[in-house]
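Visitor: Take this structure first; my questions come after.
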Amino acid sequence: MSEALLEIEDLKTYFPIKSGLLGRTTGQVKAVDGISLTIREGETFGLVGESGSGKSTVGKSIVRLAAKTAGTIRFMGEDLHALHGERLRQLRPKLQLIFQDPYSSLNPRVRVGDAIGEPLLDHGLASKADVREKALQALESCGLSAYQADRLPHEFSGGQRQRIGIARALALDPKLIIADEPVSALDVSIQAQIINLFRRLQQERGLSYLFISHDLSVVEHLCDRIGVMYLGSMMETGPREELFRSPLHPYTKALLSAVPIPIPKLKRERIVLKGDIPDPSNPPSGCKFHTRCPFAVERCVHEAPELRSAGGGRQVACHLA
């Protein structure tokens, strides 16, 4: 791993709440509320948290599927949201997104070979004479056969469709792949195959990943560093081994306590969080987690903790950590 490939500084992505006949803006959903992270070349950064914590919005903001409200996203040294025209078009193939649902991410009327080859033609990365061969190479790299290129998406299983989605991203020779819950819709045995595929492609091509997931057991097997999000904010970041061995934030501890241990005689102390994640359009004052935190004190109610260094490449946003 070397220099920073992606740098996010104080990213905020808000969505307006409109009401009335005139559609006036009456509030904002603070989906992402000031997070920062860095992904280095050849690194896998895992972004975890409950549903509604803002993980997917981070990924969509990076690839400009969601417009950021504030902050900076720099990719390969360039401000992504400041780019337009030809320069943006040149950079897009280097940054690819793999969607959560392998069924809806493919056009049911387009044969998979054409679905993989079309982006190559759009970006001028292959001629009409060469596009077929490049599409077949991408398919075979992801564990599928060349003869399957002429099939339609409904002829494939869920795991095979996700391989097609990976092949479509891989064909453009990206530097960074954002994988948004790429195995959550798959059986456990198929999940292991896809995770091994991600790992092999990274070793062969030097890829970097932003791996978004709510499943910590999956993240543990694939990621180098991990960021834990809650209600649009980053609660804790750090190297995988350190974070799993000694989590600092109460929210991280609660998430890890729910991960099953594959040894029957060993048991973790289960930390059960009360209530649901609050409304992101009206987040709690102070620390956003204080309404569910079993260790909250009066300071947590009124004062929001900053994400501060905890040594060893770790950061935590907690007054008590």
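Visitor: Just to be sure before I move on: is Ile190 of a type outside the set (Gly, Ala, Ser), over 22 Å from Thr57 (Cα atoms) and surrounded by fewer than 18 Cβ atoms within 10 Å (Cβ to Cβ) in the structure I sent?
Guide: Numbers: of a type outside the set (Gly, Ala, Ser): yes; over 22 Å from Thr57 (Cα atoms): yes; surrounded by fewer than 18 Cβ atoms within 10 Å (Cβ to Cβ): yes.
Yes.
Visitor: If you don't mind, another one. Among the candidates Gly42, Gly49, single out the residue that is modelled with pLDDT under 95 and surrounded by fewer than 18 Cβ atoms within 10 Å (Cβ to Cβ).
Guide: Answer to the selection: Gly42.
Visitor: Going through Phe289, Phe295 one at a time, which residue ends up being surrounded by fewer than 16 Cβ atoms within 10 Å (Cβ to Cβ), over 20 Å from the mean Cα position of the chain (by Cα), of a type in the set (Phe, Trp, Tyr) and outside any strand (DSSP E or B)? Can you show your working first?
Guide: Numbers: Phe289 fails: surrounded by fewer than 16 Cβ atoms within 10 Å (Cβ to Cβ).
Criteria check complete, one pass: Phe295.
Visitor: What are the residue pairs meeting all of these: first residue in the stretch 299-321, first residue surrounded by fewer than 17 Cβ atoms within 10 Å (Cβ to Cβ), second residue aliphatic (A, V, I, L, M) and not in a loop (DSSP other than H, G, I, E, B), Cβ atoms under 9 Å, and 6 or more apart or on different chains?
Guide: What qualifies is Arg308/Val316; Ser309/Val316.
Visitor: Is it the case that some residue within the stretch 130-146 is part of a loop (DSSP other than H, G, I, E, B) and under 30 Å from Ala4 (Cβ atoms)?
Guide: yes
Visitor: So, in the stretch 231-270, of the ones that are hydrophobic (A, V, I, L, M, F, W, C), in a loop (DSSP other than H, G, I, E, B) and modelled with pLDDT of 80 or more, which residue ends up nearest to the chain's Cα centre (by Cα)?
Guide: Ranking the qualifying residues of the stretch 231-270, first place goes to Leu231.
Visitor: Which of the residues spanning the stretch 270-290 are touching a helix residue (DSSP H, G or I) at 6+ places or on another chain (Cβ under 9 Å) and closer than 30 Å to Thr26 by Cα?
Guide: Correct list: Pro284, Ser285, Gly286, Cys287, Phe289, His290.
Visitor: Check Ser217, Ser285 and return the single one that is at negative phi and touching a His at 6+ places or on another chain (Cβ under 8 Å).
Guide: Ser285
Visitor: Same structure again: Looking at the stretch 71-86, which of the residues that are charged (D, E, K, R) and modelled with pLDDT of 90 or more is nearest to Ser233 (Cα to Cα)?
Guide: Looking at residues that are charged (D, E, K, R) and modelled with pLDDT of 90 or more, I get Arg74.
Visitor: Is it fair to say Leu120 is within 25 Å of the chain's Cα centre (by Cα) and buried (at least 17 other Cβ atoms within 10 Å of the Cβ)?
Guide: So Leu120 fits the description; yes.
Visitor: Wholly within the stretch 1-108, which strands (runs of 3 or more DSSP E) include no fewer than the required count, namely at least 2 residues that are of a type in the set (A, V, I, L, M, F, W, C), in contact (Cβ under 8 Å) with a residue 12 or more places away in the chain and within 21 Å of Leu307 (Cβ to Cβ)? Lay out the reasoning, then the answer.
Guide: Values: elements: 4-19, 24-40, 44-48, 70-75, 95-98.
Filter on the stretch 1-108 gives 4-19, 24-40, 44-48, 70-75.
The values are calculated or read from the model by the stated rules, or taken from the named source; none is laboratory data. If you're wondering where the values come from, they're calculated on a predicted model, not measured in any experiment. Reconstructed Cβ throughout: ideal geometry from the backbone, glycine too, with neighbour counts over all protein chains shown.
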